[in-house]
Amino acid sequence: MIKLSSRLNGLEESITLAITAKANALRASGKNVIGLGAGEPDFDTPENIKEAAIKAIRDGKTKYTPVSGIAELKDAIIAKFKRDNNLAYTREQVLVSSGGKHSIFNLFQAIINPGDEVVIPAPYWVSYPAMVMLAGGRPVIVKTDEGAGFKMKPEEFAAAITPQTKAVVINSPSNPTGAAYTASELKDIASVALDKGVLIISDEIYEMLAYDGFKPVSIASTSDKAARNTVVLNGVSKAYAMTGWRIGYAAGPPAIIQAMTNIQSQSTSNPASISQWAAVEALNGTQGFIPMMVKEFASRRDAMVTGLNAINGISAKTPLGAFYVFANVSGVYGRGLPGMRLTDSSDLAVWLLDEAGVALVPGAPFGDDNYIRLSYATSMDNINEGIRRMGEALARLK
Ligand SMILES: *Cc1c(COP(=O)(O)O)cnc(C)c1O
């Protein structure tokens, strides 16, 4: 038996994937399962973007490209940062990767030495701590709660900093909570980071998905000094319904981007050439798709929040961004049936899948076991039916 790398120590199998596998198995056996676990828009990629990819294939744009991305895409990314965030970057400050997740992975590989700490506010995207650990670092979790809008306060951040602290991860709007920081909250967090020499990592993948007139701000844009001390991560997956195309990008200090590029050059090389041309069209072409999708998500969000709050034992605040509701389900813990008692978020997720045919994600892997994550990136009919089934199943518990 081959002994596996010790880098895997502490790395757990994703419960999310286990639930997805179980949901698929149930579907294959003929059971009707409502999926409220999706981590991607249910919309099709816009036609103009698909056409750009087809044209790229026909034009023979099917060979290796520069490792860090074609100049046309870097320029489109630079123009996007100028347009949306008032941030100025040069081509040397931009890396295009095979998805935003890949850029983040490259970043942790590029900056972390053994024992380095990365401050991560919880609830967090499941991959941040895992990627920090794979790079040999130590995730330092700062718990936030619903009362604080699931946002880390500057003094909580300051208290988590040690001489080993290398970076902090800000994900606004957030997966899984949908929480989004205001410009002034970001300025305060940035000032702590700048004061202590901590690199800011800002995952802005849900930037375009915000509701009620809220406009997310990049923490990098809160001052010139913040811009020089931040790596911004973004991509086309969520904003343009392009999850399968695998294009994400990073922008930041040239030395860090160069290091990330070197890692990418010795691992995956360039992201798919055809997808890069599609992303050029996504960023430079008409942006009409985004407001259409946001409007639809907003009404689904409202329906989901209202429906969840009508279920005894569940409470949900209205999220400001992304496409998830992080619902407090601690009120149902302790309830059960003869021979069965629900005690945590995994219990509940597995039970709802078996009993109600509703697939959703437990909160535990996101860092808070009192919650479940439900995605409204699915049809209004699915949302209504999913909530109805949940309410009916939970009403049977004593
Ligand atoms: C979806 C997502 C990403 C990136 O997704 P890619 O498809 O790899 O571009 C990054 N961060 C968060 C929090 C996400 O939810």
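The values are calculated or read from the model by the stated rules, or taken from the named source; none is laboratory data. Keep in mind the model is a prediction, meaning the values are calculated, not measured. For neighbour counting, all protein chains shown are included, and Cβ atoms are generated from backbone atoms with ideal geometry for every residue, glycine included.
Once segment 25-37 is narrowed to residues that are part of a loop (DSSP other than H, G, I, E, B) and without any contact (Cβ under 8 Å) to a residue 12 or more places away in the chain, the residue that is nearest to the ligand (Cβ to nearest atom) is Ser29.
Scanning segment 98-112 for residues that are more than 12 Å from the ligand (Cβ to nearest atom) and without any contact (Cβ under 8 Å) to a residue 40 or more places away in the chain yields a single hit, Phe108. Taking the conditions (1) more than 13 Å from the ligand (Cβ to nearest atom); (2) buried (at least 22 other Cβ atoms within 10 Å of the Cβ); (3) closer than 18 Å to Ile257 by Cα in turn, Val119 satisfies each one other than (3). Confirm whether Ile256 is surrounded by fewer than 22 Cβ atoms within 10 Å (Cβ to Cβ), touching a helix residue (DSSP H, G or I) at 6+ places or on another chain (Cβ under 7 Å), assigned to a helix (DSSP H, G or I) and not basic (Lys, Arg). Yes. Only one entry of Lys238, Lys166, Lys215 meets the criterion of being free of Cβ contacts under 8 Å to residues at least 24 places away in the same chain and either within 16 Å of the ligand (Cβ to nearest atom) or more than 26 Å from Thr65 (Cβ to Cβ) (or both), and that entry is Lys215.
Put simply, of Ala255, Ala251 the only residue that is more than 16 Å from the ligand (Cβ to nearest atom) and in the same structural domain as Glu185 (by TED's automatic domain parsing) is Ala255.
Of all residues in segment 245-286, those that are closer than 24 Å to Ser379 by Cβ and either free of Cβ contacts under 8 Å to residues at least 40 places away in the same chain or of a type in the set (Asp, Glu) (or both) total 0. All conditions but one from (1) within 15 Å of the ligand (Cβ to nearest atom); (2) among the acidic types (Asp, Glu); (3) free of Cβ contacts under 8 Å to residues at least 40 places away in the same chain apply to Asp203; the one that does not is (3). Of the residues making up segment 321-334, none is surrounded by fewer than 24 Cβ atoms within 10 Å (Cβ to Cβ), small (Gly, Ala, Ser), in a helix (DSSP H, G or I) and within 22 Å of the chain's Cα centre (by Cα).
If you go through segment 340-398 and keep only what is more than 21 Å from the chain's Cα centre (by Cα), assigned to a strand (DSSP E or B) and closer than 18 Å to Met304 by Cβ, you end up with just Val358. Only one entry in Asn106, Asn113, Asn85 is assigned by TED's automatic domain parsing to the domain that holds Ala190, surrounded by fewer than 18 Cβ atoms within 10 Å (Cβ to Cβ) and at pLDDT 95 or above, namely Asn113. Taken as a whole, segment 131-154 holds at least one residue that is within 13 Å of the ligand (Cβ to nearest atom), without any contact (Cβ under 8 Å) to a residue 60 or more places away in the chain and buried (at least 21 other Cβ atoms within 10 Å of the Cβ).
Here's the yes/no breakdown for (1) under 21 Å from Leu17 (Cα atoms); (2) modelled with pLDDT under 95; (3) not charged (D, E, K, R):
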residue: Leu308; (1), (2), (3): no, no, yes
residue: Ile311; (1), (2), (3): no, no, yes
residue: Val358; (1), (2), (3): yes, no, yes
residue: Asp369; (1), (2), (3): yes, no, no
residue: Leu374; (1), (2), (3): yes, no, yes
residue: Ile387; (1), (2), (3): no, no, yes
residue: Glu392; (1), (2), (3): no, no, no
residue: Lys398; (1), (2), (3): no, yes, no
